[in-house]
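The values are calculated or read from the model by the stated rules, or taken from the named source; none is laboratory data. Since the model is a prediction, treat every value here as computed from it, not as a measurement. Cβ: placed from backbone, ideal geometry, glycine included. Neighbour counts: every protein chain shown. Protein only, heavy atoms only, side chains kept; ligands, DNA and RNA dropped before computing areas. Shrake-Rupley method; radii C 1.70, N 1.55, O 1.52, S 1.80 Å.
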Amino acid sequence: MSPPVFRFAPSPNGFLHLGHAYSALLNFDRAREAGGRLLLRIEDIDATRCRPEFEAAIYEDLAWLGIAWETPVRRQSEYLSDYRAALEKLSALGLVYPAFESRAEIARLVAAREADGPWPRDPDGAPLYPGDAKSLSAGEQARLIASGAPYALRLDMAAACRRVASLAWNELGEGPEGERGVVPARPEAWGDVILARKETPTSYHLSVVVDDGLQGISEVVRGQDLFHATSVHRLLQTLLGLPEPAYRHHDLIRDEAGRKLSKSSRSTGLRELRDAGASPVGIRALVGLGEVSLGFSQTPP
């Protein structure tokens, strides 16, 4: 049997914090325990927010923690053709359509819908797409695209779900409500998710599925904030004929107020903690690798 393959996949849009350290260390430890491989992937498709200095800091911070990974590192911005090919495959199945509403227009549509009652929201709390772009004729779609109008390419969720049998995944960790084992996938809860935009030929959902498939990832170890997104990922894997990894979702590192850490929280940034005298062993102790509720103030030690 081939050795199991794990990955840590940060975005270089800020400096790493304790939550990233926890996830990276879990992946590193799992790979060592299982006699497997650890890959590092740089998810840099957001050209407006991702910066070279943040990418360089990722390598520096992970090496300081004692984490080793295989090279070369996969940088998503260098593999846009892979995502275009996946998008074309979904388009050939009749599952992709362009939607031309701006974010402001979508907000107005949602507000109008909610005049008659609550509008459905996805598991992250965002309103489902409320537009009617699917009703546009092919000629009208082509005319708007040729005019240079901005657009998002969306997955026709209802049509996609009709093409697959019941979906599930093997949860080796735990979901937010204690979900374990075989978890039913419910991608319809997300509505017509965005797969790409005019200026960017991919989205998080599409690129992460393609990358995991092409890199042979066998176990995805990541935070519980992505637990529900796994439903969309299982749907895309099935539509694209990609292998299904096992999933191990872990608790999130939170501050003393119970909030998920963000890259703007300098008090939990690895660089700030290191400058304040923290050691790699101290970082391991701080995240606890099990006890992940922080018991310190917002001032670095």
query = Has segment 184-194 got any residue that is more than 18 Å from the chain's Cα centre (by Cα), more than 25 Å from residue 11 (Cβ to Cβ) and open to solvent by 40 Å² or more (accessible area, probe 1.4 Å)?
reply = yes
note = Residues of segment 35-45 being part of a loop (DSSP other than H, G, I, E, B) and either open to solvent by less than 10 Å² (accessible area, probe 1.4 Å) or without any contact (Cβ under 8 Å) to a residue 40 or more places away in the chain (or both), in sequence order, are 35, 44
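From the list 228, 249, which one is surrounded by 22 or more Cβ atoms within 10 Å (Cβ to Cβ) and at pLDDT 95 or above? Lay out the reasoning, then the answer.
On the way: 228 fails: surrounded by 22 or more Cβ atoms within 10 Å (Cβ to Cβ).
Of the residues listed, the single one that is surrounded by 22 or more Cβ atoms within 10 Å (Cβ to Cβ) and at pLDDT 95 or above is 249.
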note = Within segment 1-34, restricting to residues that are in a helix (DSSP H, G or I) and without any contact (Cβ under 8 Å) to a residue 60 or more places away in the chain, the one that is farthest from residue 52 (Cα to Cα) is 33
task = Check whether at least one residue in segment 3-15 is open to solvent by 10 Å² or more (accessible area, probe 1.4 Å) and over 19 Å from the mean Cα position of the chain (by Cα), and report yes or no.
result = yes
